[in-house]
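Asks: For reference, the structure I am asking about is given below.
Any read-out appearing in this document is the output of simple, stated calculations on the displayed coordinates, not a laboratory observation. Source: prediction; values computed, not measured. With ideal geometry, Cβ positions are generated from the backbone for all residues, glycine too; neighbour counts draw on all protein chains shown.
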């Protein structure tokens, strides 16, 4: 865990080569945090292929943030079904961000009922200080659904406007 913290500190300071070394050392004994840290580092640097590979390793090791990161990589590649599956794994592992990301995709692809449950889990898991942005987005998603989930779902699934 200490090596992951070092990697995060170095990444935030812009010392990417040293951060990569620290995360790689953390990954060696099979720690998912090292692989997830590498995934985020590569993502920040714009190397999506390396980011996806690292997130896949972290996900295989059971990392909630690895699964959420993999979902983001898959969504960027327009693999929305794969992204949803990865977000569901993160959500099932108790990750607030994974629940929020799954809720957003549920709303677009599966309907308001599944989205509402996932938004609620994201809100419940998010701590007031650390995950304030997740809590705010989950609150906004719940409010939107409670104002009219049928209208939201209808607009998204039955949009006949042609571009």
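Asks: Under a point spin-label approximation (7 Å from Cα along Cα-to-Cβ), what is the residue 16-residue 77 distance to one decimal in nm?
Replies: Once both label points are built, they end up 2.0 nm from each other.
Asks: With N residues in region 32-134, what two-decimal value do you get for its Cα radius of gyration over 2.2 N^0.38 Å?
Replies: Its radius of gyration relative to the 2.2 N^0.38 Å reference: 1.01.
Asks: Still on this model: Along Cα→Cβ, 7 Å out, is where each label goes; now give me the distance between the ones at residue 85 and residue 146 in nm to one decimal.
Replies: In this crude label model, residue 85 to residue 146 measures out at 3.5 nm.
Asks: Any number yet on Rg/Rh for region 91-136, C-alpha, Kirkwood? Mind showing how you got there, number by number?
Replies: Working: Rg = 9.9 Å, Rh = 10.1 Å.
With Rg and the Kirkwood Rh in hand, the quotient comes to 0.98.
Asks: Now a separate question. Can you give the relative contact order of region 48-93 as a percent, counting alpha carbon pairs under 8 Å and 6+ residues apart?
Replies: Across region 48-93, relative contact order equals 35 percent.
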